[in-house]
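Step one of this worksheet: look at the structure below.
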Amino acid sequence: MGNLYPLLMLPGFDPRPWGTHDLSPIYPNRQFSEKIGEAWLTGDDCKVANGPLTGQTLSQVSEKCQRELVGDAARDARRFPLLLKFLFPHENLSVQVHPDDEQARRVGQPWGKTECWYVAHAKPGSQIALGLKPGVTVAQLEHSIHEKRAEELLNWLNVFTGDMIYVSGGTVHTLGPGSVIVETQQQSDTTYRLYDYGRPRELHLKEGLAAVKLKVASGKVVRPAPAQIRGSNNRQALLVAAPYFVVDMFEMKDAQELSTRDDSGKSSAQTLVALEGCGVVEAAGAEPVTVAKGDAIVVPASVEKYTVRPQWTLEFLRARVPGATLPEPETRM
């Protein structure tokens, strides 16, 4: 395992005009003077909170440890492949689009930004917008932006707790208020803001409109029901399997051993995000790491085998890079 061990990450709280002072139900005891929109869990600047690497950023650890941390499924040995964060929309986010890999390379970026949203909590009436209404063209979208009515051309969907939404690069999208989202995405922060409901923030119309795709695989992911893990009282559900990430949900009452290698034989760093309960993550030769609601733990690829031991119960997401080439998931609007 070398010198690596499961890393407890310190969240980075990012102010946004559409955010909130109250981050319940994930961080009920935290109050902020600014509106917080996002809690970054595995960003380049997020810091390790345990063990000998305490205080180092994830980008520093990635640069130093490379494949030992990220695994051989990751595209870039020197950069952590997936960015996970909580989103706390209290108002409408800007209408935006992220480039896909092809469009990103045209403007000098190494890759685009495909993402997925797990709806951890949703108040009645919570909505997202995903793509444009059928028949709407990019030219019509641009015209509606100048007329300050772009939201009328978007495809709005009701969302509920437990939904998984796939957002491929090139999809026009936004979040409405009322939900708490766990976002898993390619490690990129390239966002083109198309429309912002009159807020005095910069728009990126030239780049954004060029990145818009009318035909996308985005939508609510069609997935099987959770399955009982043999020999335990634990349940596992595959939430999404896609070209850039695989995200599972675990509901644990018993200790469970997990692996950083998938069926392809390739390894990937794994990020565990606790949604309910608490527990301990154990790996040979390392100090146990306690995890509770809102915490994220990065399990380096070199750890290979680790055990999650719930204290009573623990519900968490696990995100990783697939070792095999996967198609985009089946979705519905």
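The values are calculated or read from the model by the stated rules, or taken from the named source; none is laboratory data. The model shown is predicted, which means the values in this text are computed figures rather than measured ones. For neighbour counting, all protein chains shown are included, and Cβ atoms are generated from backbone atoms with ideal geometry for every residue, glycine included.
Taken over the stretch 10-55, the residue count meeting the criterion of being under 25 Å from T161 (Cα atoms), among the acidic types (D, E) and either over 18 Å from the mean Cα position of the chain (by Cα) or in a loop (DSSP other than H, G, I, E, B) (or both) is 1. Assessment of the stretch 262-280 against the conditions (of a type in the set (V, I, T), in contact with a Pro (Cβ under 9 Å, 6 or more places away or on another chain) and touching a residue at least 60 places away in the same chain (Cβ under 8 Å)) yields no matching residue.
Rundown of residues vs (1) at pLDDT below 95; (2) outside any strand (DSSP E or B); (3) outside the structural domain of R79 (by TED's automatic domain parsing); (4) exposed (fewer than 12 other Cβ atoms within 10 Å of the Cβ), yes/no style:
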| position | (1), (2), (3), (4) |
| --- | --- |
| A104 | yes, yes, no, no |
| Q109 | yes, yes, no, no |
| K113 | no, yes, no, no |
| W117 | no, no, no, no |
| H121 | no, no, no, no |
| P124 | no, yes, no, yes |
| I128 | no, no, no, no |
| S144 | no, yes, no, no |
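Kindly establish whether G162 is in a loop (DSSP other than H, G, I, E, B), within 15 Å of V119 (Cβ to Cβ) and not polar (S, T, N, Q). Judged against the criteria, G162 is a match. Evaluate the stretch 252-263: report whether one residue or more is touching an Asp or Glu at 6+ places or on another chain (Cβ under 8 Å) and β-branched (V, I, T). The answer is yes; a qualifying residue exists. Being out of contact with any Ser or Thr (no Cβ under 9 Å at 6 or more places or on another chain) and among the acidic types (D, E): is that true of E115 here? No. Of the residues in the stretch 150-167, none is surrounded by 15 or more Cβ atoms within 10 Å (Cβ to Cβ), hydroxyl-bearing (S, T, Y) and more than 15 Å from the chain's Cα centre (by Cα). Is it the case, given these coordinates, that G231 is over 22 Å from the mean Cα position of the chain (by Cα), of a type in the set (G, A, S) and outside the structural domain of N92 (by TED's automatic domain parsing)? The answer is yes for G231. In this structure, H90 does not qualify as part of a strand (DSSP E or B), farther than 28 Å from L7 by Cβ and in contact (Cβ under 8 Å) with a residue 12 or more places away in the chain.
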